[in-house]
Amino acid sequence: MLLLFVLAVLAVVCSEPVVLAAPVNYDDLALKLCKDDTTFTIHGWWPEYTEHSWPEFCNRTTFCKFSINDVKELLPQLNKYWYACSEWNITNEQLWFHEVNKHASCIPELSLQNVMMYFAHTLEAYHLALQSQWFGCCKTNATECLLPFNKSLNETKWLQYCHR
């Protein structure tokens, strides 16, 4: 049943064009605390126009061709730091496919040919945040957290403030 739902959503997602509204101001490293975890996993990386306003599904026809083989070199790190929470009832691969299509497709300098850069950049930001203890920005008892970073895939720099 879940598989049929996912396939139905992908059929719509992969066919409808979306027009971007405004220039991107910064990108968010989105973190999620799964039900039985004590540390945050990566939820995703996405552009943010204004606080809590994100573009979605921007380049569907191109990014619907994403394959796990495009990031096979990163699979050990992705499985360790960017995994689907068990309560979501999806696989890691389904989560990554969703994030590529929903959010990575809205990063202007990204293409299917360099989608590995999206995952590598997100992992770099996560490790930088973890080492620098920026998870302190996350509210106490929060299950979700956003850390704003500069909007370049060529440089990973935290903007040194916390979403509230």
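Screening L95 with (1) in a helix (DSSP H, G or I); (2) aliphatic (A, V, I, L, M); (3) modelled with pLDDT under 80; (4) surrounded by 12 or more Cβ atoms within 10 Å (Cβ to Cβ) gives one miss only, at (3). Is it fair to say K102 is basic (K, R) and surrounded by 13 or more Cβ atoms within 10 Å (Cβ to Cβ)? Against the criterion (basic (K, R) and surrounded by 13 or more Cβ atoms within 10 Å (Cβ to Cβ)), K102 qualifies. Just one of (1) crowded, with 16+ Cβ neighbours inside 10 Å; (2) closer than 21 Å to N150 by Cβ; (3) among the aliphatic types (A, V, I, L, M) fails for M116. It is (1).
Scanning segment 76-92 for residues that are part of a loop (DSSP other than H, G, I, E, B) and either closer than 17 Å to H121 by Cα or basic (K, R) (or both) yields a count of 2.
Just the residues that are loosely packed, with under 15 Cβ neighbours inside 10 Å and either outside any helix (DSSP H, G or I) or of a type outside the set (A, V, I, L, M) (or both), please, taken from segment 125-138.
So the first thing to find is which residues in segment 125-138 are loosely packed, with under 15 Cβ neighbours inside 10 Å, and the list is 127, 130-133, 136.
Those that are loosely packed, with under 15 Cβ neighbours inside 10 Å and either outside any helix (DSSP H, G or I) or of a type outside the set (A, V, I, L, M) (or both): H127, Q131, S132, Q133, G136.
Scan segment 72-93 for residues that are more than 22 Å from T39 (Cβ to Cβ) and either in contact (Cβ under 8 Å) with a residue 40 or more places away in the chain or polar (S, T, N, Q) (or both) and jot them down. E73, the sole residue that qualifies.
When segment 32-73 is filtered for residues that are closer than 18 Å to N101 by Cα, surrounded by 17 or more Cβ atoms within 10 Å (Cβ to Cβ) and aliphatic (A, V, I, L, M), the ones remaining, listed by number, are I42, V71.
The values are calculated or read from the model by the stated rules, or taken from the named source; none is laboratory data. Worth saying up front: this structure is predicted, and the values here are computed from it rather than measured. Glycine also receives a Cβ, built like all others from the backbone with ideal geometry; neighbour counts cover every protein chain displayed.
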